[in-house]
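Input: a single structure, listed below in structure tokens.
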């Protein structure tokens, strides 16, 4: 699979326009399966756009938590992260 396809979210799934159902492509599975599995989500169980959005929200929350855990480790990093966390101290 070419790198551009793997990085293009528009190629990660095929949607049924008549319903909420989706199917992940090989590119989508390659891009998301490991990270979803680390969050306890099996990509093979995601069958609808609503389920996929909920799963991606979990990944987003995890990413923010990981960034938050880096706060206080270095002043420059704190300055970079401050706008994300609405931290008026930076």
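Here are some notes:
- Residue, surrounded by the fewest Cβ atoms within 10 Å (Cβ to Cβ), within the range 2-14, restricted to residues that are out of contact with any strand residue (DSSP E or B) (no Cβ under 7 Å at 6 or more places or on another chain) and outside any helix (DSSP H, G or I): 2
- Members of the range 54-72 found to be over 12 Å from the mean Cα position of the chain (by Cα), in a helix (DSSP H, G or I) and in contact (Cβ under 8 Å) with a residue 12 or more places away in the chain, listed by number: 67, 68
- The single condition from (1) more than 27 Å from residue 84 (Cβ to Cβ); (2) in a helix (DSSP H, G or I); (3) at pLDDT below 95 that residue 17 fails is (2).
- Any hit, the range 68-84, residues being surrounded by 12 or more Cβ atoms within 10 Å (Cβ to Cβ), within 19 Å of residue 15 (Cα to Cα) and either in contact with a helix residue (DSSP H, G or I) (Cβ under 8 Å, 6 or more places away or on another chain) or at pLDDT 90 or above (or both): no
- Any hit, the range 41-53, residues being assigned to a loop (DSSP other than H, G, I, E, B), in contact with a helix residue (DSSP H, G or I) (Cβ under 9 Å, 6 or more places away or on another chain) and loosely packed, with under 14 Cβ neighbours inside 10 Å: yes
- Search result, residues across the range 27-40 that are surrounded by 17 or more Cβ atoms within 10 Å (Cβ to Cβ) and farther than 15 Å from residue 14 by Cα: 36
The values are calculated or read from the model by the stated rules, or taken from the named source; none is laboratory data. Everything numeric in this text was worked out from a predicted model, so none of it was measured. As a convention, Cβ positions derive from the backbone with ideal geometry for all residues, glycine included, and neighbour counts pool all protein chains shown.
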